[in-house]
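Please treat every number below as a calculation from the coordinates, not as lab data. Because the structure is a prediction, the values reported are computed rather than measured. For neighbour counting, all protein chains shown are included, and Cβ atoms are generated from backbone atoms with ideal geometry for every residue, glycine included.
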Amino acid sequence: MARANWPTHYLAMTTVTGPSEAWFLTGYPSFAAWEKDREDTDKNTALTADLDRLVEKDGELLTNGRSLVAFLREDLSAGDPVDIAKMRYFRLLTFRVRPGHESDFQDSVKIVRSAYEKAKIELPWAVYQISGGMPGPTFMILLPMKSISEIDASISRAGAIREAEGPENEKSLAKMASDGFATVESNVFAFSPAMSYPSKEFVARDPEFWTPKKEAKPAAASKKAGAGPKEEVKPADKK
């Protein structure tokens, strides 16, 4: 992608919990922009040849793969914008909602968001609704973290959040979860700079992290003088 100077960038992250997986996140302002990127890629024969060769090589290492399409639900998201370049992890909550109960999920998120605001606790999150790639209705909540230790803070403030919700809302949340959610899964992902293709502007906001350092090669050992006669290398021994 760098050799082609491709304008579309992506971030890679790998699982810290759950199945061993690597996820690659690409953002588009619209579905039309996604389609144009696909069309431009198909027209670039040099790039597609490289990608085809690499995909074939990847096949030897992968057990399976999946592509997901999701759109941002700004009406359910919370907090001020976060500089993702300075983050190290994502906590990902996946809600598989029973058909016909999408409103239960939306109402529950709004109750929790109001409780955080009432308790004056800043916790930014982004809600995405899956539109393709897995059974729906499915929603994903992404919570960026600078450190896994932030989960400690989430646990310690659980009581304050319940108090801010109030008994009635707490009962409503329990009923919504019981009636409307098929499964809820929580996992932690760590960003992988080595597998990411971020923009130069993105890297510049935290270059030390997003520019992986190459490992130094060990120096070749040399024979000490006087250790013995110098051996002659035969042509057959040369590689």
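In a simple Cβ point-charge model (Lys, Arg +1; Asp, Glu -1; nothing else charged), region 1-138 has a dipole of about 420 debye relative to its Cα centre.
Residues considered: A182, A153, A194. Largest GNM mean-square fluctuation over the chain, using C-alpha springs under 10 Å, is found at A153. In this structure, A182 and K43 have a Cβ-Cβ separation that, at R0 = 30 Å, corresponds to a calculated FRET efficiency of about 0.15. For the pair E163 and T94, the difference between a 0.36 nm per residue extended length and the Cα-Cα distance amounts to 22.3 nm.
With the gyration tensor restricted to C-alpha atoms of the chain, the semi-axes of the equivalent ellipsoid amount to 46, 24, 18 Å, longest first.
Electrostatic tally near M176: other residues with Cβ closer than 9 Å to its Cβ, Lys and Arg +1, Asp and Glu -1, net -2.
State the number of lysine pairs found in region 11-210 whose Cα atoms come within less than 21 Å, restricting to pairs 8 or more positions apart or on distinct chains. Step by step, the pairs that qualify in region 11-210 add up to 9.
Taking a sphere under 15 Å around the Cβ of L25 and counting the other residues whose Cβ falls inside, with K and R at +1 and D and E at -1, yields a net charge of +1. Local charge for Y89 was computed over the other residues whose Cβ lies under 12 Å away, with Lys and Arg +1 and Asp and Glu -1, and equals +3. Ordering G133, W34, A204 by the projection of their Cα atoms onto the charge dipole of the chain, which places +1 on the Cβ of Lys and Arg and -1 on the Cβ of Asp and Glu, puts A204 at the extreme positive end. Run the numbers for M134 and E117: contour at 0.36 nm per residue of separation, minus the present Cα-Cα distance, in nm. Stretched fully, the M134-E117 segment lengthens by 2.9 nm.
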